[in-house]
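The values are calculated or read from the model by the stated rules, or taken from the named source; none is laboratory data. Quantities reported herein were computed from a predicted structural model and do not represent experimental measurements. Cβ coordinates were reconstructed from backbone atoms using ideal geometry, including for glycine residues, and neighbour counts include every protein chain displayed. All accessible areas refer to the heavy atoms of the entire protein, side chains included, with ligands and DNA or RNA removed. Shrake-Rupley method; radii C 1.70, N 1.55, O 1.52, S 1.80 Å.
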Amino acid sequence: SALVLRPAAIYGPGRGVHVSLREGRYRLSGDGSNYISRIHVDDLAGHIVAAISSQVTGAWPVADEYPCPQ
């Protein structure tokens, strides 16, 4: 048995789409109105800690509750 966490785009201090855009490493697709799921780095860390101490198995998507426009 195994557990796989599949995080959405990770944001937090010093990282995120706005940082990548400023550095020229990210390009908006279309007009930027597409929706994207994200997760804050602290929330992801909390999920990892909880997952390690659980008996849950399988593959799980990990993201904030609501997607937002790019």
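When residue 1 is tested against (1) open to solvent by less than 70 Å² (accessible area, probe 1.4 Å); (2) touching a residue at least 24 places away in the same chain (Cβ under 8 Å); (3) assigned to a loop (DSSP other than H, G, I, E, B), only condition (1) is not met.
So, in the range 28-56, of the ones that are among the polar types (S, T, N, Q) and surrounded by 11 or more Cβ atoms within 10 Å (Cβ to Cβ), which residue ends up farthest from residue 13 (Cα to Cα)? Result: 34.
Mind checking which residues of the range 14-27 are open to solvent by 100 Å² or more (accessible area, probe 1.4 Å) and within 17 Å of residue 43 (Cβ to Cβ)? Residue satisfying the conditions is 15 alone.
Table: residues versus (1) part of a helix (DSSP H, G or I); (2) acidic (Asp, Glu).
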site	(1), (2)
18	yes, no
21	yes, no
24	no, no
27	no, no
39	no, no
42	yes, yes
46	yes, no
54	no, no
66	no, no
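Scanning the range 57-69 for residues that are at pLDDT below 90 and under 13 Å from the mean Cα position of the chain (by Cα), we see that the one that is most open to solvent (accessible area, probe 1.4 Å) is 66.
Per the conditions (1) open to solvent by less than 70 Å² (accessible area, probe 1.4 Å); (2) within 12 Å of the chain's Cα centre (by Cα), the sole criterion not satisfied by residue 11 is (1). Taking first residues from the range 6-29 that are under 22 Å from residue 62 (Cα atoms) and partners that are assigned to a loop (DSSP other than H, G, I, E, B) and open to solvent by 60 Å² or more (accessible area, probe 1.4 Å), the Cβ contacts under 6 Å between residues at least 6 apart in sequence or on separate chains come to 17/26; 20/26.
Checked across the range 32-46, the condition of being out of contact with any strand residue (DSSP E or B) (no Cβ under 8 Å at 6 or more places or on another chain), closer than 30 Å to residue 3 by Cα and not charged (D, E, K, R) holds for at least one residue.
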